[in-house]
Amino acid sequence: MISKVIIGKTFYGACRYVCMDQKRAVILETEGVRDHNYKLMSADFEMQRELRSTLSKAVFHDILSFYPGEKIEDKMMAEIATEYLQEMKITDTQFVIVKHIDKNHSHLHIIANLVNNKGEAIKDNWIGLKGKKIAQKLTRKYGLKEAVSKNLTLTNLEAL
């Protein structure tokens, strides 16, 4: 499993990308946001963000990608993502976990608010490196296949 962390400015763009196409998006779990409409979801995120309006980048967007061909049940994906957020110390805040089924490898998106329920900012120091290390740790814990090197035979060259 590999992790890619993106810190952004707008929840609308992230929610739209992750949830708009309902043919490819399966919402696994949410906390504190409405999950039936990406516009309402982003409005819920923005409402809490206003508690700390001075924070310019409050959008945590993470992509957890699993090894191609690895079959993981939705319940286990949600469990891994929830544990990932806890290890990242992104707790007591709004989040959504969405699985995408548009690629030949399983992957999920996590959107979380970096303003917690008390209006405090969640620290994002070294968040990309921390995410990579936690993904490696969870890969070993759950017995998933490790991505030690790039396998070019699995690359979708047509998409490039």
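The values are calculated or read from the model by the stated rules, or taken from the named source; none is laboratory data. It should be emphasised that the depicted structure is a prediction, and the values quoted were computed from it without experimental measurement. Heads up, the Cβs are rebuilt from the backbone with ideal geometry, glycines too, and the neighbour counts pull from every protein chain shown. Heavy atoms of the whole protein, side chains included, go into the accessibility calculation; ligands, DNA and RNA do not. Shrake-Rupley method; radii C 1.70, N 1.55, O 1.52, S 1.80 Å.
Values as computed for the structure displayed
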quantity	calculated
Residue check, Ala43 among the small types (Gly, Ala, Ser) and modelled with pLDDT under 95	no
Residue among Ile80, Ile7 that alone is at pLDDT 95 or above, open to solvent by less than 60 Å² (accessible area, probe 1.4 Å) and within 17 Å of Val115 (Cβ to Cβ)	Ile7
Single residue of the range 41-60 satisfying the filter (touching a strand residue (DSSP E or B) at 6+ places or on another chain (Cβ under 6 Å) and open to solvent by less than 20 Å² (accessible area, probe 1.4 Å)) that is nearest to Ser3 (Cα to Cα)	Phe60
Residue check for Tyr84: over 15 Å from Lys4 (Cα atoms) and aromatic (Phe, Trp, Tyr)	no
Yes/no for Arg34 being within 18 Å of Val115 (Cβ to Cβ), in contact with a helix residue (DSSP H, G or I) (Cβ under 7 Å, 6 or more places away or on another chain) and among the charged types (D, E, K, R)	yes
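Conditions (1) within 16 Å of the chain's Cα centre (by Cα); (2) free of Cβ contacts under 8 Å to residues at least 24 places away in the same chain, marked per residue:
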residue: Gln86; (1), (2): yes, yes
residue: Thr91; (1), (2): yes, no
residue: Ile101; (1), (2): yes, no
residue: Leu129; (1), (2): yes, yes
residue: Gly143; (1), (2): no, yes
